[in-house]
Amino acid sequence: MRTRPITRRTAVAAAAIAALIRPARAATILRWATVLPANHPEVALMEAVRSQLHDSTAGAVEIQIFPGGQLGSSRDSIESVSSGAIQMVSEGAAQFGQFVPQISILEGPYLWRDPAHMRRVLSSPVLEEMSAQLAAKRQMRIVGSSYYGTRHLTSGSKPVHTVDDMKGFKIRIPEVDTFRVMAEAWGARPTPLNIGELYLALSQGAVDGQENPLPTIQSTKINEVQKYLVLTAHVLSPRLMVINEATWQGLTPAQQIALTSAIAQRAPAQDAEIIAQETALRDGFAKGGMTVITPDIDNFRKPVLAVLPQTFEAKWGKGLWDRLANA
């Protein structure tokens, strides 16, 4: 049997057919976790990033979003990203202080003057320095940030007008040492508790109150089980978007830029939505039956600043508090 000679034309045709039948390379999947509920503005930000990243990488990188603590508590999710079990997490900055102590300063009580001050520092080399340490120590990298909101106090049974009213007050806090020191400076009894367990704890009186930004109070329905809203404005909280370092290195340079650009471009809309909700919710909570108290903020600020910066100076580094506060 004679074989036909392979010509250039037949070789090109064979290559074209092979390309058509060859399985397409599977997309890189980034599973992105948050403990915040699906109706929180952060999840809308994640959805927007997912859509933009899909378009900019032609589907080569896809994000799967897991809100509401589906993949575990704050600490569990962070540990899973560190190990590579999941690829991304959004969390409060201070949660990462357990790995790189300097990061917890980003949620320092009474540090930021306003959201613009916070955003200016987060856009500086300070965050890049912290990200490099996080990658070296725990295989995680910061790829973006957003404004989570200004944190205020709520109480279920007693009005709080001054810091003296906080004596013995059992307050839920996140599992963060700076929040513990703040609560103790007020004379309160700090009680670390996962946010997914908070509504039940408040409704059953296991804790007297809690502290969170107004949009989080609404999205978690905390206002349903708390009578008093106390506008202490004690922490302006940033959220950090963090990716597993091996996953990051597995992306091409173009894909890395696509991811960080998508977050940077979409975060301002989320920040603006948070600020708009904060303004509206003050009146909304009052109309819904909460008693809104506007205390003398200095009365709450002074005891905290008398102890907190020096307590953590050895962890944060001498002069870092003043450097950020005066930026």
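The values are calculated or read from the model by the stated rules, or taken from the named source; none is laboratory data. Small disclaimer: the values here were computed from a predicted structure and weren't measured. Heads up, the Cβs are rebuilt from the backbone with ideal geometry, glycines too, and the neighbour counts pull from every protein chain shown. Note: areas computed on protein heavy atoms with side chains; ligands, DNA, RNA excluded. Shrake-Rupley method; radii C 1.70, N 1.55, O 1.52, S 1.80 Å.
Things to note:
- Residues of region 142-170 classified as farther than 30 Å from Met46 by Cα and β-branched (Val, Ile, Thr), total: 3
- Residue count for region 44-73, restricted to those that are within 21 Å of Gly196 (Cα to Cα), surrounded by fewer than 21 Cβ atoms within 10 Å (Cβ to Cβ), in contact with a strand residue (DSSP E or B) (Cβ under 7 Å, 6 or more places away or on another chain) and aliphatic (A, V, I, L, M): 2
- Residue check for Glu62: outside any strand (DSSP E or B) and among the charged types (D, E, K, R): no
- When Ser124 is tested against (1) open to solvent by 10 Å² or more (accessible area, probe 1.4 Å); (2) over 19 Å from Val176 (Cβ atoms); (3) modelled with pLDDT of 95 or more, only condition (3) is not met.
- Only listed residue being in contact (Cβ under 8 Å) with a residue 24 or more places away in the chain, of a type in the set (Ser, Thr, Tyr) and either in a strand (DSSP E or B) or open to solvent by less than 60 Å² (accessible area, probe 1.4 Å) (or both), chosen from Ser131, Ser90: Ser90
- The set of residues in region 214-226 that are not in a helix (DSSP H, G or I) and not β-branched (Val, Ile, Thr) comprises Lys221, Gln226.
- Residues of region 38-52 satisfying the condition of being out of contact with any Asp or Glu (no Cβ under 8 Å at 6 or more places or on another chain) and assigned to a helix (DSSP H, G or I): Glu42, Val43, Leu45, Met46, Glu47, Ala48, Val49, Ser51, Gln52
- Taking region 206-224 as the range and being open to solvent by 30 Å² or more (accessible area, probe 1.4 Å) and either modelled with pLDDT under 95 or out of contact with any strand residue (DSSP E or B) (no Cβ under 9 Å at 6 or more places or on another chain) (or both) as the test, the residues that pass are Gln218, Lys221, Glu224.
- Region 98-117, residues that are surrounded by 22 or more Cβ atoms within 10 Å (Cβ to Cβ) and in a helix (DSSP H, G or I): Ile103, Ser104, Ile105, Leu106, Glu107
- Checked against the criterion of being in contact with a Phe, Trp or Tyr (Cβ under 6 Å, 6 or more places away or on another chain) and farther than 17 Å from Leu305 by Cα, the candidates Pro174, Pro192, Pro159 yield just one match: Pro159.
- Taken over region 174-204, residues that are at pLDDT 95 or above, open to solvent by 50 Å² or more (accessible area, probe 1.4 Å) and assigned to a loop (DSSP other than H, G, I, E, B) amount to 1.
- Scanning region 297-327 for residues that are open to solvent by less than 80 Å² (accessible area, probe 1.4 Å) and among the polar types (S, T, N, Q) yields Asn299, Thr311.
- One residue from Thr294, Thr252 being surrounded by fewer than 16 Cβ atoms within 10 Å (Cβ to Cβ), without any contact (Cβ under 8 Å) to a residue 24 or more places away in the chain and hydroxyl-bearing (Ser, Thr, Tyr): Thr252
- Within region 137-183, considering residues that are charged (D, E, K, R) and free of Cβ contacts under 8 Å to residues at least 24 places away in the same chain, the one farthest from Phe300 (Cα to Cα): Arg180
- Restricting attention to region 156-173, the residues being surrounded by fewer than 22 Cβ atoms within 10 Å (Cβ to Cβ), touching a strand residue (DSSP E or B) at 6+ places or on another chain (Cβ under 9 Å) and in a helix (DSSP H, G or I) number 1.
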